[in-house]
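Encoded as C-alpha cells, the structure appears first; notes follow it.
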Amino acid sequence: MNENHQILRMTQTDEFGNFTFEKIDPFQNYIIMINEDDAKASFMGDNVTGSSTVTVQGIIREFKDPASYTPRPNVTIYMANSERKISNKIVSDGFGKFEFTNVASDPASVADLNKKTVSYNLDLSESEVVFSAYIMYIDPKTTELAYTEYVDIIELKEMGSDGGMGQEFANILFDFDKFFLRDKSKNVLDDVYNFLKANPTVTLRLDGHTDWFGSDPYNMKLSERRALSAHKYLIDKGISPNRIKNAWFGESRPAFDNMAPDGADSPENRQLNRRVEIKIEIPEMADLYLSL
C-alpha cells in the first residue's frame, strides 16, 4: 500500500517464502500488509481454527537488477486478516529485517489504524500487475475489489470433440503443498456435478498428482488428499459414491516437465503438475479428461 492506505500491488509468496512487487517507485514510502489468515494456514495447514498466535519474520530488500540487493529499513508492516482488520504493526530495522506476531504490543495504536479506510488503486493497464495479483474482477466504477482469488496459470481445454460436452474447462490447479479446493476448482466440479446429474449412466475417476518437490511417500499422500478433496465435494453435493473412483500417482505422472529446457527449475510447469485429472467415462463413447 502507499501511505494513504491504497493497495497498489498484491502478490503471494512462493514455496520458499519469497515475494516480489514489480514496477514500483523505489524512492516512495510503502506499507506492506501481510494476510494473517494465510500466515496461519501456512503454519497450521488447511484447517485453521481459533485465534492462535502466529509469528511472521522476513527481510525487505529492493533491487534494480538481480545482482544489486539493498536492505530496505524503516518499512511499516501490518498484519491483517482477510477483511483487512489490522492486528499488529512493526517497522523493519536497519537491515530490512522484521519479526512480529498477530498480538499487538500497543493495542491502542492498532485500534487507531483500523479507523482508516483501505482502498484499491491498482494500475489495470499493466498486465504484470493484474496477473501477479489476486484480482479476478474489479468494479471499474469504484475500483473496489468485488471478488478475489489467486490468478492461476490457466489453460483452456476444448472438450466437445471428445465426448459432446460442448464447453470449455480450465486447468485449475492446487497451491504448493496444499489440497484444498480453490473457488475456480469448485466451479469446474459444479459443472461436472450437473453433467453427472443429467447423465446418470456416466461414472468418473479422479486422479491426483503433484510436482516433484518432496519425497515419493509424501507426494503420494498429498496426491491422494487432492483426489479425495474433489471426491468429497461431489459426494457432499449428492453424487453416489459408487459412481466415483479415485487414484493417485504422486509425482510419477507429470503433465509437463518440472524443469525448464535449460535444466533450471520451472515454477510454471510445477504449478501445472499440481492437479487432479477427472476421467469421465461415458458408455459407448470416448473417455473425457478434465483437469482442475
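Each reported figure results from applying straightforward, stated rules to the coordinates on display, with no laboratory input. These figures come from a predicted structure and were not determined experimentally. Note that each Cβ is placed from the backbone with ideal geometry, even for glycine, and that neighbours are counted across all protein chains shown.
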(Q) For the stretch 194-223, give me each residue that is among the charged types (D, E, K, R) and within 16 Å of ILE244 (Cα to Cα). (A) LYS197, ARG205, ASP207
Q: Determine, yes or no, whether VAL188 is buried (at least 16 other Cβ atoms within 10 Å of the Cβ), more than 16 Å from ARG274 (Cβ to Cβ) and either free of Cβ contacts under 8 Å to residues at least 60 places away in the same chain or not basic (Lys, Arg) (or both).
A: no
Q) Of the residues that sit in the stretch 239-252 and are exposed (fewer than 12 other Cβ atoms within 10 Å of the Cβ) and either touching a residue at least 12 places away in the same chain (Cβ under 8 Å) or not small (Gly, Ala, Ser) (or both), which one is nearest to TYR193 (Cα to Cα)? A) PRO241
Q. When only residues in the stretch 93-104 that are free of Cβ contacts under 8 Å to residues at least 60 places away in the same chain and within 23 Å of ALA41 (Cα to Cα) count, which is surrounded by the fewest Cβ atoms within 10 Å (Cβ to Cβ)?
A. GLU99
